[in-house]
1. In whole Hz, with x marking every Gly and Pro, tabulate ³J(HN,Hα) for segment 42-59 from phi via Karplus 6.51 cos²θ - 1.76 cosθ + 1.60, θ = phi - 60°.
2. Let me test this: with uniform point scatterers at the alpha carbons of segment 22-70, what is the Debye-based log₁₀ I(q)/I(0) at q = 0.15, 0.17, 0.21, 0.29 1/Å?
Amino acid sequence: MTLFTLHSDAVHNSGPTLFARLQARAFRLFETIAEGYYARRTAAELRTLSDHALRDIGISRSEIDRVSRFGR
């Protein structure tokens, strides 16, 4: 192997490109924002239910935030 071959292999096999890494990070940011939005929307919907309805689905009023964010 020559020095050029070693350098060429290092450049071409260095992993994802900068654009691919930025794209992946932007996608993760979008997912995080969307998850927060849906968790808040779910919590708001659950807060409109009566205590009896919440008991029917197996959660208490104090568990609404946890359930809306992480599930049961």
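1. 5, 4, 5, 5, 5, 5, 7, 7, 6, 4, 5, 5, 5, 4, 4, 8, x, 10
2. -0.47, -0.54, -0.69, -1.01
The numbers here are math on the coordinates, done by the rules we state, and not lab data. Bear in mind that the values here come from a model prediction, so they are computed numbers and not experimental data.
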